Amino acid sequence: MRVLYRRSLIGLGVLALLLVGLWLFVFRIPTAPAPSHEAFALDEVTIINPMLDRTPQARIEVAAGRLGLGTSTANMPVLAEYRGKFVLPGFVDMHTHLPGDNLLKLTQHYGLLHLSHGVTTIRSAGDIDGTADPAARQLISEGSPFPNMVSCGPFVSKGKKVWPNTLLVETAADAERAVAAIAEGGNSCVKAYEGLTPSLIRALIAAADARDMHVIGHVPVEMTLEKAGIPDVQHFFGVPDPSTLGGHEVTYRNGDWAKVDASRLAAVEAHILAKQIRNTPTIATLEGFQGIANPAVASKASKALLPSFFADVVWNSQTGLPVYRGLEAGRFAQAANALVLKQRLVKRLSDKGATLHIGTDAGQPFTAPGWSFWREMRLFEQAGITPEQVLAYATNVAGASLGNEAGRIAQGSQADLLIFAQDPTKSLDALDSLEAVVVRGKLYTRAELEQALRRSLRHYEAWPLRAIARKAAQKTVDEAARNF
């Protein structure tokens, strides 16, 4: 009996070891790339702070994560391969979202996507389940390749929760408590979301101002941009009169501009200028939206960058996010028209000196992190804005709105740099000449980042994780996003 008992214990131990081994084999993500350099100099480069200054034949030193301009430290290794190249500040995505921290561990993959497209700072515009931002902070603290992050934490709404990680408010006192909780969570911005009244929005702004935080948000569906008083409007919500929308779903709020005419654009422009409202249009979401019906758009935007369950499950036109299921063909034509009108408004605001941000709302259909940032810039350029002005929006304008040192190359600032073979201020075609990214003083070549992305994709597409990921994604779609 004892022998049998001992054998049973041994068998259970072996089984446990096998299960642990299988677990590690399936879920352990590939190792992130190590930086190529952490203390180095760049000689005879052109430093460009878009729309601010340009310094040819410059020297940059990077040490301990900070920048030295014009200095000449003994024994500092010079990276001769970048001599004669163009150096810009890292890009700032002013509206993105991160994946929840679950078995799939997608956070590292998102970080690689951002960095491989030059995005060295992100504003996380709402943590859907409360696990996404902490996972990103953990990677940053470990020294992993991941952008700097400014976070808003939980959404703030009145009435019902759209996402699990939402603080509900009914009174000004509730708003004060919500902002206090958001600040205590290590966040520096507040995401005003759905159902809020103008008085509640004002209370959020007052509480945020008292803590040197900024407020961004959705214009509630029941009101116009003018009435809401949001200081940093996302997606150009509130431009159409709410009575003209075909419905209250996000697809109408983002894509139904059928009744927006020249007089309405003029009124919105005047209000934005008078109130100095900041604007994060995220117009690439309308282009990505077309991927639901157009496989050509879908394949380029997702299949080479994100695990296949995004296109096949999350953004599936029949079984994906409920709000995007079974849409009529006319809705896509409507969204295409809205894109044209939003580009027109972007150009008008740019011409008048309004504050504009480059943001992506990554997570919306076929808006892969990083790639959609480049698409947003190209859509601004197609609207008639010069490449250098677009790059200013992507760098120093964003940094000024955040109130930190992001988006600008300056003596002693954090070393977040992009090295290009060609000058992107002359043409955004030169974005493809990106050779290296420096984040917090660590240099990664673009080739290394892209190689790491390919390893990551192979991991997510391998058996049995591919099947597990699809099941998990469908469960998330059916549960977490049911109110979206």
Requested in this report: May I ask you to derive the FRET efficiency for residue 244 and residue 347 from their Cβ-Cβ distance with R0 = 22 Å, giving the value to the nearest 0.05?
Outcome: 0.45
Report summary line: Here the percent of antiparallel bridges among DSSP beta bridges lying wholly in the chain, to the nearest 5, is 50 percent
Query raised in the report: Which whole-number percent is the relative contact order of the chain (Cα, under 8 Å, 6+ apart)?
Result: 19 percent
**Report entry** Packing-based ranking, highest mean first, of 354-362, 306-314, 114-122 given that Cβ atoms within 10 Å are counted
**Finding:** 114-122, 354-362, 306-314
Query - the chain - mean residue ellipticity at 222 nm from DSSP helices (-39,500 (n - 2.57) per run, n ≥ 4, rounded to 500) - result: -12000 deg cm²/dmol
**Report entry** Fully extended contour minus Cα-Cα distance, from residue 261 to residue 69, at 0.36 nm per residue
**Finding:** 64.2 nm
Query raised in the report: Taking N as the number of residues in the stretch 221-265, what is its alpha-carbon radius of gyration divided by 2.2 N^0.38 Å?
Result: 1.05
Report summary line: Going from the fewest other Cβ atoms within 10 Å to the most, one would list 377, 94 as 377, 94
Query raised in the report: Which pairs break 32 Å Cα to Cα here: 160/475; 85/275; 161/442; 158/275; 275/442; 85/347?
Result: 85/275; 161/442; 275/442
Query raised in the report: Which whole-number percentage describes the relative contact order of the stretch 315-400, with Cα contacts under 8 Å and a sequence gap of 6 or more?
Result: 25 percent
**Report entry** Cα centroid separation, the stretch 30-84 to the stretch 89-168 (Å)
**Finding:** 28 Å
Query - Virtual spin-label span in nm between residue 57 and residue 227, 7 Å along Cα→Cβ - result: 6.1 nm
Query raised in the report: Could you give the semi-axes, largest first, of the ellipsoid that matches the stretch 163-208, computed as the square roots of 5 times the alpha carbon gyration tensor eigenvalues and rounded to whole Å?
Result: 15, 12, 9
Query - Pair residue 308, residue 435: separation of 7 Å Cα→Cβ label points (nm) - result: 3.7 nm
Query - Exposure proxy order (Cβ contacts within 10 Å, fewest to most) of 112, 457 - result: 457, 112
Query - For the chain, diffusion coefficient by Stokes-Einstein and Kirkwood Rh (Cα), 20 °C, 1.002 mPa s, µm²/s - result: 91 µm²/s
Requested in this report: Using only Cα atoms, locate the centre of the stretch 264-293 and the centre of the stretch 215-247, then give the distance between them in Å, rounded to an integer.
Outcome: 10 Å
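Where a number appears in this text, it was derived from the coordinates with a stated rule and is not lab data. Keep in mind that what you see is a predicted model, and the values were worked out from it rather than measured. Note: ideal-geometry Cβ built from the backbone for every residue, glycine included; neighbour counts use all protein chains shown.
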